[in-house]
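Visitor: Pasting in a structure now, in structure tokens, and then I'll have a few things to ask.
The values are calculated or read from the model by the stated rules, or taken from the named source; none is laboratory data. These figures come from a predicted structure and were not determined experimentally. With ideal geometry, Cβ positions are generated from the backbone for all residues, glycine too; neighbour counts draw on all protein chains shown.
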Amino acid sequence: MTEAAANQPVALTFTATDLDAIAKAQGLVALLAEGEAPKTPAARRLDRLTKGMVSRAMAGADWAKAKAGDSLTLAYPAGLMAEALMLVKLPRKATALEARKAGAAIGRALGPQGALVQCETHPQAAELSFGLALRAYDFSAHKSSQPPSRGPVALACSSPEAVAACAAPSAALAEGVFFTRDLVNEPANILTTDDFAARLAAMQELGLEVEILEEDDLKALGMRALLGVGQGSESPSKVVVMQWKGGPSDTAPFALVGKGVCFDTGGISIKPAGGMEEMTMDMGGAAVVAGVMRTLALRKAKANVVGLVGLVENMPDGRAQRPGDVVRSMKGDTIEVINTDAEGRLVLADVLWYTQERFKPSGMIDLATLTGAIIVALGHENTGVFSNDDALCNAFLAAAQAEGEGAWRMPMGEGYDAKLKSRVADIVNSCGRDGGSITAAHFLRRFVKDDMPWIHLDIAGTALLKTDSTLAPKGATGWGVMALNRLIRDRFEHKG
């Protein structure tokens, strides 16, 4: 965990506890367990230096009400060089998520002076450092005046070498989350389909095999549904294939598929102007796939995983797709385009089918900022989860819960599927407002083979937030990278 973003590095080191360093630290954080008095040698020394400020704070009502991971800041503490002393409640039996929350409190407050975090023997130190790094992220690449750099963080603990070793996999995971956030935060005039593909191709340096399918390749494959979405844009449509081969050569890969609409105007069915600027995030599904693949490569995962993303731009133009057009998918099904703003499912239809035909995966998960309807149903707290396989779905939901990433399984059924019937083609691409996220999932289900375990994740409500969250500033969250990495680690990684 050496940096929080390419433009905002945070140096994080692990060191042995040094009682003499407490008084001299420019930025100081103390992790304290529950109770009304400091108990460890470092905490007691800190209390003596501050002439009892720590013990008085711990005996107060605010500390008593504080939950694990909550913080209390004391300004200009006596006996210290630090202008402020942050007290963070972290019980010794705190969960991993509580430790991350404690770290996030530090990352949120971290300034140019950095911090000495007095951790003592807390076993959650690695998780705390992970939360700190995630929350210290700041996307400011396009600001003329850069914010002050975050200062270095020293995490003082009783076994620094052991904590550093434990934190190493989290460093790879943090970089995958940052990669996803950077992609989602980028404006569409920077992150074109060409630029997106180039950033993915650069990951060959990490050991990924990366292949870019251009429009001529897609035409030859029969991906007319995907190509129809991008035909009104100057940016060429592409499919990028990323392969990580860390498992046995005779083991089928697990597949991740992402929607990568680099900007979505809605096409001829154009969106309202208000809020359209947020459609730079409509490639969020592809960004999560990219972040997971980066994490797997960095941590040398012992699994075979393939990630495919369909990159397009949906623009109104004289060549653009029209409502009422009929396109033929790679599978061969014909699709009546009722609404050109229901474009993501057209992209995914072809990429899902191609993934199965070429790689014959052991299972498949697609991610997309697919519908506004899922936000109406679940708000911004949970991703909508749709699946045809209980075992895979339950495993994913368990992974998401363990990582603190909200996810909720949504219903599917024949009544919803019947709404896809078209007067002039095999199916329609949009069924109206009622059950909109569910009928969209049923559309995708038409391009999943009967024996293929599959999950669809509608991340429209969780990919980008207008307010801060526990582990991220407002903007891109990187939702899904942690849950998918855990799912692959627990369920698909070779244990030998």
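Every residue, every condition in (1) modelled with pLDDT of 90 or more; (2) over 36 Å from the mean Cα position of the chain (by Cα), yes or no:
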site	(1), (2)
Gln8	no, no
Thr17	no, no
Ala30	yes, no
Arg45	yes, yes
Gly52	yes, yes
Gly60	yes, yes
Lys65	yes, no
Asp70	yes, no
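Visitor: Considering only residues that are in contact with a Gly (Cβ under 8 Å, 6 or more places away or on another chain) and part of a strand (DSSP E or B), look in the stretch 362-383 and name the one that is surrounded by the fewest Cβ atoms within 10 Å (Cβ to Cβ).
Guide: This residue is Thr383.
Visitor: May I pose another question? Being touching a strand residue (DSSP E or B) at 6+ places or on another chain (Cβ under 7 Å) and polar (S, T, N, Q) is the filter here; which residues of the stretch 314-339 pass it?
Guide: Passing the criteria: Asn314, Ser329, Thr334.
Visitor: Which condition number does Gly228 fail, the rest of (1) touching a Gly at 6+ places or on another chain (Cβ under 7 Å); (2) farther than 19 Å from Leu200 by Cβ being met?
Guide: (1)
Visitor: Would you confirm whether or not the stretch 380-391 contains a residue that is of a type outside the set (S, T, N, Q) and either without any contact (Cβ under 8 Å) to a residue 12 or more places away in the chain or outside the structural domain of Ser237 (by TED's automatic domain parsing) (or both)?
Guide: Of all residues in the stretch 380-391, those of a type outside the set (S, T, N, Q) come to 380-381, 384-386, 389-391.
Add one more test, that the residue is either without any contact (Cβ under 8 Å) to a residue 12 or more places away in the chain or outside the structural domain of Ser237 (by TED's automatic domain parsing) (or both), and what stays is 390.
Taking every residue of the stretch 380-391 in turn, at least one turns out to be of a type outside the set (S, T, N, Q) and either without any contact (Cβ under 8 Å) to a residue 12 or more places away in the chain or outside the structural domain of Ser237 (by TED's automatic domain parsing) (or both).
Visitor: Moving on to the next point. Determine, yes or no, whether Ala297 is farther than 21 Å from Glu215 by Cα, in contact (Cβ under 8 Å) with a residue 40 or more places away in the chain and part of a helix (DSSP H, G or I).
Guide: Spelling it out, Ala297 is indeed farther than 21 Å from Glu215 by Cα, in contact (Cβ under 8 Å) with a residue 40 or more places away in the chain and part of a helix (DSSP H, G or I).
For (1) loosely packed, with under 14 Cβ neighbours inside 10 Å; (2) within 17 Å of Arg92 (Cα to Cα); (3) touching a His at 6+ places or on another chain (Cβ under 7 Å), each residue gets a yes or a no:
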residue: Asp18; (1), (2), (3): no, no, no
residue: Ile22; (1), (2), (3): no, no, no
residue: Leu31; (1), (2), (3): no, yes, yes
residue: Pro38; (1), (2), (3): no, yes, no
residue: Leu49; (1), (2), (3): no, no, no
residue: Val54; (1), (2), (3): no, no, no
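Visitor: How many residues are surrounded by fewer than 21 Cβ atoms within 10 Å (Cβ to Cβ) and either closer than 20 Å to Arg489 by Cβ or among the basic types (Lys, Arg) (or both) when one looks only at the stretch 140-163?
Guide: Within the stretch 140-163, residues that are surrounded by fewer than 21 Cβ atoms within 10 Å (Cβ to Cβ) and either closer than 20 Å to Arg489 by Cβ or among the basic types (Lys, Arg) (or both) number 1.
Visitor: Here is a further query. Go through Lys271, Lys302 for me and flag whichever is at pLDDT 95 or above, part of a loop (DSSP other than H, G, I, E, B), in the same structural domain as Asp366 (by TED's automatic domain parsing) and more than 27 Å from Gly461 (Cα to Cα).
Guide: After applying the criteria, what remains is Lys302.
Visitor: If I filter the stretch 398-414 down to residues being touching a strand residue (DSSP E or B) at 6+ places or on another chain (Cβ under 7 Å) and under 18 Å from Arg100 (Cβ atoms), which single residue comes out as surrounded by the fewest Cβ atoms within 10 Å (Cβ to Cβ)?
Guide: Only one residue tops the list, namely Gly406.
Visitor: With respect to the numbered conditions (1) farther than 29 Å from Ala286 by Cα; (2) in a helix (DSSP H, G or I); (3) in contact with a strand residue (DSSP E or B) (Cβ under 7 Å, 6 or more places away or on another chain); (4) not hydroxyl-bearing (Ser, Thr, Tyr), which one is the sole condition not fulfilled by Ala133?
Guide: (1)
Visitor: In addition: Would you confirm whether any residue within the stretch 421-433 is at pLDDT below 95 and out of contact with any Leu (no Cβ under 7 Å at 6 or more places or on another chain)?
Guide: Yes: one or more hits.
Visitor: Determine which member of the set Asp264, Asp282 is touching a residue at least 24 places away in the same chain (Cβ under 8 Å), touching a helix residue (DSSP H, G or I) at 6+ places or on another chain (Cβ under 6 Å) and farther than 23 Å from Lys360 by Cβ.
Guide: Details: Asp282 fails: touching a helix residue (DSSP H, G or I) at 6+ places or on another chain (Cβ under 6 Å).
Exactly one residue qualifies, and that residue is Asp264.
Visitor: Another one. Would you pick out the residues in the stretch 425-444 that are surrounded by fewer than 22 Cβ atoms within 10 Å (Cβ to Cβ), in contact (Cβ under 8 Å) with a residue 40 or more places away in the chain and part of a loop (DSSP other than H, G, I, E, B)?
Guide: The answer is Ala425, Asp426, Arg433, Gly435.
Visitor: Further question on the same structure: Among the listed residues Ala133, Ala167, Ala171, identify the single one that is within 26 Å of Lys474 (Cα to Cα), surrounded by 15 or more Cβ atoms within 10 Å (Cβ to Cβ) and assigned by TED's automatic domain parsing to the domain that holds Leu97.
Guide: Sole residue among the options that is within 26 Å of Lys474 (Cα to Cα), surrounded by 15 or more Cβ atoms within 10 Å (Cβ to Cβ) and assigned by TED's automatic domain parsing to the domain that holds Leu97: Ala133.
Visitor: Can you find a residue that is assigned to a strand (DSSP E or B) and under 23 Å from the mean Cα position of the chain (by Cα) anywhere in the stretch 341-356?
Guide: no
Visitor: Can you tell which of Val229, Val210, Val261 is at negative phi, in the same structural domain as Val481 (by TED's automatic domain parsing), among the β-branched types (Val, Ile, Thr) and assigned to a helix (DSSP H, G or I)?
Guide: Being at negative phi, in the same structural domain as Val481 (by TED's automatic domain parsing), among the β-branched types (Val, Ile, Thr) and assigned to a helix (DSSP H, G or I) holds for just one of Val229, Val210, Val261, which is Val229.
Each row is one residue, and each column tells you yes or no for (1) of a type in the set (A, V, I, L, M, F, W, C); (2) buried (at least 24 other Cβ atoms within 10 Å of the Cβ).
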position	(1), (2)
Arg446	no, no
Asp451	no, no
Ala463	yes, yes
Lys466	no, no
Gly475	no, no
Gly478	no, yes
Leu487	yes, yes
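Visitor: Still on this structure: Go through the residues of the stretch 315-334 one by one and say whether even a single one is surrounded by fewer than 19 Cβ atoms within 10 Å (Cβ to Cβ), assigned to a strand (DSSP E or B) and touching a helix residue (DSSP H, G or I) at 6+ places or on another chain (Cβ under 6 Å).
Guide: yes
Visitor: Here's a follow-up. Among the listed residues Ala84, Ala104, identify the single one that is in contact (Cβ under 8 Å) with a residue 24 or more places away in the chain and either in contact with a strand residue (DSSP E or B) (Cβ under 6 Å, 6 or more places away or on another chain) or not assigned by TED's automatic domain parsing to the domain that holds Pro147 (or both).
Guide: It is Ala84.
Visitor: Return the residues of the stretch 398-424 that are small (Gly, Ala, Ser), within 22 Å of Val376 (Cα to Cα) and not in a loop (DSSP other than H, G, I, E, B); say none if nothing qualifies.
Guide: Ala400, Ala407, Gly415
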